[in-house]
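Report on the following structure.
The values are calculated or read from the model by the stated rules, or taken from the named source; none is laboratory data. What you see is a predicted model, and the numbers here were worked out from it, not measured in a lab. Glycine also receives a Cβ, built like all others from the backbone with ideal geometry; neighbour counts cover every protein chain displayed.
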2 protein chains.
Amino acid sequence: MTKPVHRVAPHVDIPIRQDSLRAHNLVLTFRQIVAAQDTPISRSELSTATGLTRPTISRIVDDLLAAELIIEAGPARSGSSGRPRVGLSLARTGPAGLGLDIRADVLSACVVDLTGAVRHLDFVPYDGTDPATVLPRLAAMADRAIEAAAAEHLTVVGATMAAPGPVQDNSIVRFAPTLGWRDVDAGAALSESVSSGSAALPILVGNDARLAALGEWYASGQAMRNFVCVSGEFDIGAGLLLNGAQLGGWAGELGHVMVRSDGPSCACGAVGCLQCYAGLTAILAAANHDGRDGGGSPAVAIDTLVSAGDPRILDALDEAATALGIAVAGLVNLVSVDTVLLGGSYSLLASWLVDGINRELRRRVLSANWAPIEVRPAPLGPDAAVIGAALSAVDRVREDPNGWLARVQSR
Amino acid sequence: MTKPVHRVAPHVDIPIRQDSLRAHNLVLTFRQIVAAQDTPISRSELSTATGLTRPTISRIVDDLLAAELIIEAGPARSGSSGRPRVGLSLARTGPAGLGLDIRADVLSACVVDLTGAVRHLDFVPYDGTDPATVLPRLAAMADRAIEAAAAEHLTVVGATMAAPGPVQDNSIVRFAPTLGWRDVDAGAALSESVSSGSAALPILVGNDARLAALGEWYASGQAMRNFVCVSGEFDIGAGLLLNGAQLGGWAGELGHVMVRSDGPSCACGAVGCLQCYAGLTAILAAANHDGRDGGGSPAVAIDTLVSAGDPRILDALDEAATALGIAVAGLVNLVSVDTVLLGGSYSLLASWLVDGINRELRRRVLSANWAPIEVRPAPLGPDAAVIGAALSAVDRVREDPNGWLARVQSR
DNA sequence: TAATTTGTTTCAGAGGTTGACTTAACTGCG
DNA sequence: CGCAGTTAAGTCAACCTCTGAAACAAATTA
């Protein structure tokens, strides 16, 4: 007999009963284990951390152990005398998340486990950006990734595809100029052809810049509370995390913020968009290059030109940095972030950009005097979007393991 | 004997026990009554709306009645045959919120009750913007408002002051150029000199544009999920509500977003700020006027010039609309809102601005094709900030009445 | 062996649910 | 006017599940 699935009350919208109370405290406990991450945490430490009593913690831990979401590590450091505490840490088997991404030069797929560790990362070159060509390839990569995961006792419980453009309803890519897509329901197409084990696997679609921000957030230990991750791969997007939560809706089209009122007209129909100054192809074009030297990756092409000492590329980078600074200043005036990560391909070019951006921020941001803003390269760089996509999928279990518990108990 | 105060679990950060369960379900029930607002709701309707059973609802309703947070309205329409349901609605006595605002021409104070109705609204002209002059006046107005409230059996449980500039820690006004303030701890100064009944009354400080957005949101029945309210009084600020929640931090300095790369330099140190084109004094200056005709209110001055058919003011308004459109387009590209309210003094000038703003939004907003944006004047206009401030104070009780319950039970 | 800390077992208390019964109040029909 | 039908609301008991408190068992150090 399967127990009913109870949602934990995140908002005040649903009534809570005795059993949802249990579900809530289980989530609370599990998140403490997730937060402890590298250093296993004991039952009694959980008790003090959560405020629940030891018996309650013991019961909850029993459930988590039975569902194989956590494992008992060998006796950990006790610190003082007395019975040594038993360390608990996240299982490296069980639920996993799958991420897919379409990048400038390759398609990529990624599997992460509960701990957030990347267990599988796969790149495949491609030609032709037509949905009918690209999506089946991605589906094949997904199948391969799910198999590879199963070989390591991982069950893919969710999948997300990163798309370079605004996405509606976690499924429909509204506009992706670099792929030539318009109103493509990538989620439906992929979900049809991919399954995990016996169950169908719904594949969500998200904006690449926002997923990259999520990936960088995890990679930084979730320490930052308010930050923006500016990604330049195809387009320029901004992923915003405010107060530890990601912004919903169409948020983040930084590339189409105006930075010059007398600028050239953009593909979007407006004039003076950031993209026309700080997009990678725009930077190359400003230096009279077409970017054929990078093996398909414009960032590498720029990097080699800089190494070769081409003065025109330095000018173009300076102009790009100024434009980025203006756009980010507008953003920071509106939504108050304290950290700006240069992600995607910009992470490779960060050393040529940081100074120019900082200069504009100092000039233009009203709060810069009493609330300094840190600009730095993002650690994951171009891989952030796939990894973030995979994390966003497994994160649903990390945020609320009750679904997984019900699934395990039902078999 | 007083029962301990239990917080309701809004996030998953605290454990929930049996009694916090009760507190949670009480909040849930109370919010349903708040949401029903004008049409009294019965116990059995509450039961179906919340998912709690009738016995539980009855108990909770008894508690709320005993605390005088709600009242039994006379037998309401039953709809069909049978015993008519007893309508429950918010009490118009009990907790109240106090709002204070410094406006271009007057100081204002406002008291709202639980239902959100304005019960007291008071304006006092002033001269001299020095904190040592203005703050005591505001404190005196607060005292008068608290007295007036007490006469109607209202207890002021919270107070908020609206300040024209960025505010830190709900207390310190960092920068208010139009008042000449810098790093003024208005919250501390006011809290010292104001008390409600026997208890001290802490006075919070918030940004005026954001409080105005809150006020307009309530005035519109909280129907909009994602909207921005652009307020022009002194400065230009933007109050953002996303997914029904207000953005934290320094959010909303729309006035200092760049709209012309070759523009004049602004007081903030940057160039081409929106404020230099769409600020009320900027509009008047562009038409070669100094705004002495409006009795202190620049919006009225502009309005009279328009009525007089001055062609220069029409040009200035057109330019202001274009600038506003550019800035708002940048905002909408970044944070995805579906409604733009023209608040504060702009509500009076909306008919001269809407078309120009819409034109720029159509050109510049990427998502405008599939997610239309509505631009319209805000109903409350210049009063929105005081009212919003008062609402934000009483809203703490509306969001979680347990504090008030504990207070009532303890006496 | 005593002390200490950790984890487990047992039991009582609190709260909500279910279900049935009762009281209350209105509608509609004869 | 009076009665049945209908719906709303209060009340009571039995039951379930959760947490907390206290006692108990286990494992290590001194």
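Condition check ((1) within 13 Å of DNA strand D (Cβ to nearest atom); (2) away from chain B (no Cβ under 14 Å); (3) modelled with pLDDT under 90) across all residues:
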{"position": "A:THR48", "(1), (2), (3)": "yes, no, yes"}
{"position": "A:GLY51", "(1), (2), (3)": "yes, no, yes"}
{"position": "A:LEU69", "(1), (2), (3)": "no, yes, no"}
{"position": "A:GLU72", "(1), (2), (3)": "yes, yes, yes"}
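If you go through the range B:168-192 and pick out every residue that is in a strand (DSSP E or B) and either under 17 Å from B:ASP130 (Cα atoms) or away from chain A (no Cβ under 11 Å) (or both), you end up with 10. For the range A:277-303, which residues satisfy the criterion of being modelled with pLDDT under 85 and surrounded by fewer than 18 Cβ atoms within 10 Å (Cβ to Cβ)? Selection gives A:ASN288, A:ASP290, A:ARG292, A:ASP293, A:GLY295, A:GLY296.
Given the options B:GLY87, B:GLY94, B:GLY99, name the one that is within 16 Å of DNA strand D (Cβ to nearest atom) and more than 14 Å from every other protein chain (Cβ to nearest Cβ).
Values: B:GLY94 fails: within 16 Å of DNA strand D (Cβ to nearest atom); B:GLY99 fails: within 16 Å of DNA strand D (Cβ to nearest atom).
Of the residues listed, the single one that is within 16 Å of DNA strand D (Cβ to nearest atom) and more than 14 Å from every other protein chain (Cβ to nearest Cβ) is B:GLY87.
Would you mind telling me which numbered condition in (1) crowded, with 16+ Cβ neighbours inside 10 Å; (2) without any contact (Cβ under 8 Å) to a residue 12 or more places away in the chain A:ARG364 fails? It is condition (2) that A:ARG364 fails.
Per the listing B:ALA148, B:ALA159, the residue uniquely surrounded by 21 or more Cβ atoms within 10 Å (Cβ to Cβ) and among the small types (Gly, Ala, Ser) is B:ALA159. Within the range A:256-267, identify whether any single residue is closer than 18 Å to A:GLY165 by Cα, in contact (Cβ under 8 Å) with a residue 60 or more places away in the chain and within 14 Å of another protein chain (Cβ to nearest Cβ), and answer yes or no. Within the range A:256-267 (the criterion being closer than 18 Å to A:GLY165 by Cα, in contact (Cβ under 8 Å) with a residue 60 or more places away in the chain and within 14 Å of another protein chain (Cβ to nearest Cβ)), the answer is yes, since at least one residue qualifies.
Residue-wise test of (1) more than 16 Å from DNA strand C (Cβ to nearest atom); (2) assigned to a helix (DSSP H, G or I); (3) within 30 Å of B:THR281 (Cβ to Cβ); (4) without any contact (Cβ under 8 Å) to a residue 24 or more places away in the chain.
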position	(1), (2), (3), (4)
B:GLU45	no, yes, no, no
B:GLY97	yes, no, no, no
B:GLY116	yes, no, no, no
B:VAL124	yes, no, yes, yes
B:GLY128	yes, no, yes, yes
B:ALA132	yes, yes, yes, yes
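I need the full set of residues from the range A:362-411 which are part of a loop (DSSP other than H, G, I, E, B) and of a type in the set (Gly, Ala, Ser), in order please.
Selection gives A:ALA371, A:ALA378, A:SER410.
Checking the stated criteria, A:SER351 turns out to be of a type in the set (Ser, Thr, Tyr), over 30 Å from B:GLY237 (Cα atoms) and part of a helix (DSSP H, G or I).
Would you be able to say whether some residue in the range A:329-348 is among the hydrophobic types (A, V, I, L, M, F, W, C) and surrounded by fewer than 24 Cβ atoms within 10 Å (Cβ to Cβ)?
Step one: filter the range A:329-348 for residues among the hydrophobic types (A, V, I, L, M, F, W, C), giving A:329, A:331-332, A:334-335, A:337, A:340-342, A:348.
Narrowing the set further to residues that are surrounded by fewer than 24 Cβ atoms within 10 Å (Cβ to Cβ) leaves A:348.
Yes, there is a match, as at least one residue in the range A:329-348 is among the hydrophobic types (A, V, I, L, M, F, W, C) and surrounded by fewer than 24 Cβ atoms within 10 Å (Cβ to Cβ).
For the range A:28-40, which positions are more than 14 Å from DNA strand D (Cβ to nearest atom), of a type in the set (A, V, I, L, M, F, W, C) and at pLDDT below 90? Answer for the range A:28-40, where residues must be more than 14 Å from DNA strand D (Cβ to nearest atom), of a type in the set (A, V, I, L, M, F, W, C) and at pLDDT below 90: A:ALA35, A:ALA36. Among all residues of the range B:192-214, there is none that is without any contact (Cβ under 8 Å) to a residue 24 or more places away in the chain and crowded, with 19+ Cβ neighbours inside 10 Å. Pairs meeting the criteria (first residue in the range A:135-158 and assigned to a loop (DSSP other than H, G, I, E, B), second residue β-branched (Val, Ile, Thr), beta carbons under 8 Å, at least 6 apart or on different chains) are A:GLU152/A:THR93; A:HIS153/A:THR93. Residues in the range A:382-397 that are surrounded by fewer than 21 Cβ atoms within 10 Å (Cβ to Cβ) and either in contact with a His (Cβ under 8 Å, 6 or more places away or on another chain) or over 27 Å from A:PHE30 (Cα atoms) (or both): there are none. All told, A:GLY344 falls short of being more than 10 Å from every other protein chain (Cβ to nearest Cβ), out of contact with any strand residue (DSSP E or B) (no Cβ under 7 Å at 6 or more places or on another chain) and within 30 Å of A:PRO202 (Cα to Cα).
Criterion first (at pLDDT 85 or above and assigned to a helix (DSSP H, G or I)) does B:LEU21 satisfy it?
Values: at pLDDT 85 or above: no; assigned to a helix (DSSP H, G or I): yes.
Answer is no for this residue.
Sort out which residues of the range A:268-294 are more than 26 Å from the chain's Cα centre (by Cα), of a type outside the set (Val, Ile, Thr) and within 10 Å of chain B (Cβ to nearest Cβ), and write them in order of number. Residues satisfying the conditions are A:GLY269, A:ALA270, A:GLY272.
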